[in-house]
Amino acid sequence: MALSTEVIKEVITENDLVPKDQLLDLEKQANEKKVPLERYLIVKKAINEDQLATSLAKKYKVDTVDLKEEKIDQAVLSLIPEPIARRHRVVAFKKKGKELFVAMLDPDDLQTREFIKKKTDFEVVPFLPTFSGFDFALSKYHTSLKTEFENIMKDRKDGFFDKEEDKGSEDLEKMAEEIPVVRVVETLLEYAMFENASDIHIEPQEKEVMVRYRIDGVLHDVMTLPKVILPALIARIKVLSALKIDEHRLPQDGRFKIEKNNRKISFRVSTIPIFDGEKIVMRLLEEGATALTLEQLGFTGKALDDIKRNLKKPHGMTLVTGPTGSGKSTTLYTVLSLLNTKKVNISTIEDPIEYRVPGVNQMQVNPKIELTFARGLRALLRQDPNIIMIGEIRDNETAEEAVHAAMTGHLVLSTLHTNSSAGALPRLLDMNIEPYLIASTVNNIIGQRLARKLCEHCKKKQKIEKKALEGLEKDFNLKRLMEVMKREGVIIGTHKDLGDLEFYKAVGCEKCGETGYKGRLGIFEVLPISAEIMRLILIKASSTELEKVAVADGMVLMWQDGFIKAHQGLTTIDEVMRVSRE
C-alpha cells in the first residue's frame, strides 16, 4: 500500500526537498483535485521522483530499484497475484536463493510482507521503487496474460473471439478448463476472500476487462485484463455456477461454493449482456459466519428497547427498510437468530437464501416454476409457522399475504425498499393495502444504512472547523441534534454547539489499506407504531407528518444516529453524510 501523506510530508521537510510554504500550497491543491500529494508534486515538477525515492529509502533503510531497467521474469512476477500487487502496492521482480526481491511503495508494511512470505515460502527483501517504475512493472501483468491467452488460441480457428454468440458450447467448455483461465479465476476469487470483499465486478470495456472489488461498501479497481480473455473467463465462471455456457443474450443467475482456510464462502453469480460483452457480478456470502447481536449491529438506547419490546409480541409485522446493500438481510437474520428456539416454528421465503440458519425452514423463490413470494407464503401458512420471514415485499400480492399472515397470529419479518422508516407506511398504501390493516398489523419499522467503520489503529480526534460547521448547518438541524445527544446521554455538560465537540477523522495505515476505515457498522432509525401514528395512518398522512410525530415521541433519526456514532469514534461525519443524505 502507498505511504501516508504525513510520512511523505515528513520526509520532504526533513530533506528540504520543497520549501514549507510551497508544500502547504501544493498540498491544498492536491486535496482539491483529489490527487495523492506525492504524485501531484511530481506532476508539478516541484520534486524529482528519484530524489523522493532516495529520501524515502534512506528513512526506511532499504535500497532503491529502477523497475524500468529490471528484466522481470514472468514466473517471478506471478508469485504475487495482480490483485494483491495493485491493492498493496507490491511487485516481485527477482529471486535469489530463498530470497524474493519485492518492490514496495511502503517498505514498512509488515503485514503484507508476512503474507507474501507465507504465500511464497521466500524471505522478503524490500526495495523502494519510483512511482513511474512501479506503474511500469504493474503493466507487465497485462502483457503476460495477453500472451498466455493468445497462445491458447494458436491452434484454433481465426476470428474465434470476434463473435462470442457464434461459439459452440464444446469450444467454450474446453477454454474454461485451460490452466491459465482456471488460474485467473482462482486468483480473482481467492483474493476477494483475502480482502473481505462483498462483491466482485467483472466489467468488459471496449478494449479491456476491468475487475473491481467492493470492500466496505466502496468499489476498488484491482485488475485490468486483456479483452481476449473475456469469453474464457465468463465460460469458466458459468461452468462453476452451472449456468448455460453458450447463452449470451439473456441474464442468468447461479451460485457455487468454495471452502478455503476453514472458511466456506458461497458465491452468488449474476450475468447480464451489455454493449461490450457480458458483465458478471459475484456476491460473496460467508456461510459459517456467526450471528451478531442487535448491539453488535449498532442498535442502542430507545431504538434497541423498541425492537426488543415489539419482537416479544406474538403477532404483527417488523419491517426493515433501506436501499440495496444497506444491510437489511443481516438485520433480519440477526432478529431470526434471537427468535430461533425449539419452542417455535420459523419458516422463510427468500430470493436468494443468503445464509443457512440451523433450525429454520428456508424456501427459495423460483420464478421459472412460478414459485413467487406470494405463492410460497401461502404454502408456508399451511405449515403451522409461528414466525415467518419474507425476503422482500415487492408487490401488492405479497403485501396482502404478509398483512393477512400478521393478522392471523403470526410474527412476520420482511424488508421494503424505501428511503426512511416513515416512508414504509405510504409505500404499503401505494400497494393498495387498506389503512386500517396497516395500522393494526405493523408493529415496528427499522430504517438503516451502512457506514464504514473507522480504523482503530489510525483514527485521530479533531474538532469541526467553523467553515465546515456552517456547511453542515445548511443540510442538518444541528440545534436539534445537540438536544438529541444530550437526551440520549451522549454528551454531558454545557456544550453550546457541535463545534465544541470532538469528532474523528480517517487517516490511513497499513492495517486498513490506507483508507482509514476497516469494516462497516449500521446507522439506524426505529419507528414503533404508537396510537398517534396509527391515527395518522388511518387518515393516510404523508411520511413527513408521520416522521414529525415519531421524532416528537423520541425517535432518533438516521443521520442523528450517525452523528452520535461519529462523536463516539465509530465512524466519520463524511461517512454519515455519504450514506444518509437524500
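Residue 344 to residue 69: FRET efficiency via 1/(1 + (r/R0)^6), r the Cβ-Cβ distance, R0 45 Å, to the nearest 0.05?
Plugging the Cβ-Cβ distance into 1/(1 + (r/R0)^6) gives 0.05.
Take every DSSP beta bridge whose two residues both sit in the chain, then give the antiparallel share in percent to the nearest 5.
If we restrict to bridges inside the chain, about 65 percent are antiparallel.
What number results when the radius of gyration of the range 363-438, computed over Cα atoms, is divided by 2.2 N^0.38 Å?
So the range 363-438 has a normalised radius of gyration of 1.08.
If you count only protein heavy atoms and use a 1.4 Å probe, how large is the accessible surface of residue 135, to the nearest 10 Å²?
Taking all protein chains as shown, residue 135 has close to 60 Å².
Run the quick spin-label model on residue 462 and residue 356: label points 7 Å from Cα toward the beta carbon, then report their separation in nm to one decimal.
Roughly 4.7 nm, to one decimal.
Show that you can apply the helix-only estimate: for the chain, add -39,500 (n - 2.57) for every DSSP H stretch of four or more residues, divide by all residues, and state [θ] at 222 nm to the nearest 500.
Estimated from H runs of four or more residues: -12000 deg cm²/dmol.
Give me, ordered by chain and number, the residues 5 or more places off residue 95 or on other chains with an amide H under 5 Å from its own placed amide H.
Here the answer is 101, since their amide H atoms fall under 5 Å of that of residue 95.
May I ask you to list the GluC sites (Glu not before Pro) in the range 368-400 that are in a DSSP loop and have at most 13 other Cβ atoms within 10 Å of their Cβ?
370
Listed here are the pairs 33/565; 118/518; 466/505; which of them are more than 18 Å apart at the Cα?
Where the Cα-Cα span goes over 18 Å, the pairs concerned are 33/565; 118/518.
Pick out, from 517, 458, 319, the residue whose Cα sits farthest towards the positive end of the charge dipole of the range 294-580, with +1 on the Cβ of Lys and Arg and -1 on the Cβ of Asp and Glu.
Of the listed residues, the answer is 458.
Given (1) 55; (2) 51; (3) 61 as candidate values of percent of Cα pairs over 30 Å apart, which corresponds to the one derived from the coordinates?
So the calculated entry is the one marked (3).
Taking the Cα centre of the chain as the origin, how large is its charge dipole in debye, to the nearest 20, when only Lys and Arg (+1) and Asp and Glu (-1) carry charge on their Cβ atoms?
Dipole of the chain, to the nearest 20 debye: 1240 debye.
Would you give the gap between the C-alpha center of the range 306-335 and the C-alpha center of the range 482-547, rounded to a whole Å?
Cα centroid of the range 306-335 versus Cα centroid of the range 482-547: 18 Å apart.
Dipole of the range 5-139 (Lys/Arg Cβ +1, Asp/Glu Cβ -1, origin at the Cα centre): which of 64, 75, 8 lies farthest to the positive side?
Highest projection toward the positive end goes to 75.
Once the piece of chain linking residue 33 and residue 16 is laid out straight, how much longer is it, given 0.36 nm per residue of separation minus the C-alpha distance between them?
3.7 nm is the gain from fully extending residue 33 to residue 16.
Report, to the nearest whole %, how much of the accessible area of the range 294-580 belongs to carbon and sulfur atoms, 1.4 Å probe, protein only.
49 percent
Going by Cα centres, the range 398-440 and the range 455-480 are how many Å apart?
Cα centroid to Cα centroid, the span is 37 Å.
Would you mind getting me the FRET efficiency between residue 190 and residue 315? Use the beta-carbon distance for r and R0 = 51 Å, nearest 0.05.
That pair, residue 190 with residue 315, gives E of 0.65.
Roughly what would the spin-label model give for residue 538 and residue 384, points 7 Å off Cα along C-beta, in nm?
For residue 538 paired with residue 384, the spin-label model returns 3.7 nm.
Tabulate in residue order the Karplus-calculated ³J(HN,Hα) for the range 415-421, using 6.51 cos²θ - 1.76 cosθ + 1.60 with θ = phi - 60°, rounded to whole Hz; enter x for Gly and Pro.
Listing the rounded values in order: 10, 9, 8, 9, 7, 8, 5 Hz.
Given a 1.4 Å probe and the protein chains all in place, what does the accessible area of residue 363 round to, in Å² to the nearest 10?
Here the residue's solvent-accessible area equals roughly 50 Å².
From the backbone phi of the range 92-100, what are the Karplus-calculated ³J(HN,Hα) couplings (6.51 cos²θ - 1.76 cosθ + 1.60, θ = phi - 60°) in whole Hz, Gly and Pro given as x?
The phi angles translate into 7, 10, 6, 10, 9, x, 9, 9, 10 Hz.
What is the distance, in nm, between label points placed 7 Å from the Cα along the Cα-to-Cβ direction at residue 276 and at residue 370?
Going from the residue 276 label point to the residue 370 one covers 4.2 nm.
Can you give the relative contact order of the range 5-139 as a percent, counting alpha carbon pairs under 8 Å and 6+ residues apart?
Once normalised by length, the contact order is 23 percent.
Would you tally the net charge around residue 433, using a Cβ to Cβ cut-off of less than 10 Å, leaving residue 433 out, and scoring K and R as +1, D and E as -1?
Net local charge, residue 433 excluded: -2.
The values are calculated or read from the model by the stated rules, or taken from the named source; none is laboratory data. Just so we're clear, the structure is a prediction, and the values are computed from it rather than from any experiment. Counting neighbours? That spans all protein chains shown, and the Cβs are built from the backbone with ideal geometry, glycine included. Keep in mind that these areas ignore ligands, DNA and RNA; they rest on the heavy atoms of the full protein, side chains included. Shrake-Rupley method; radii C 1.70, N 1.55, O 1.52, S 1.80 Å.
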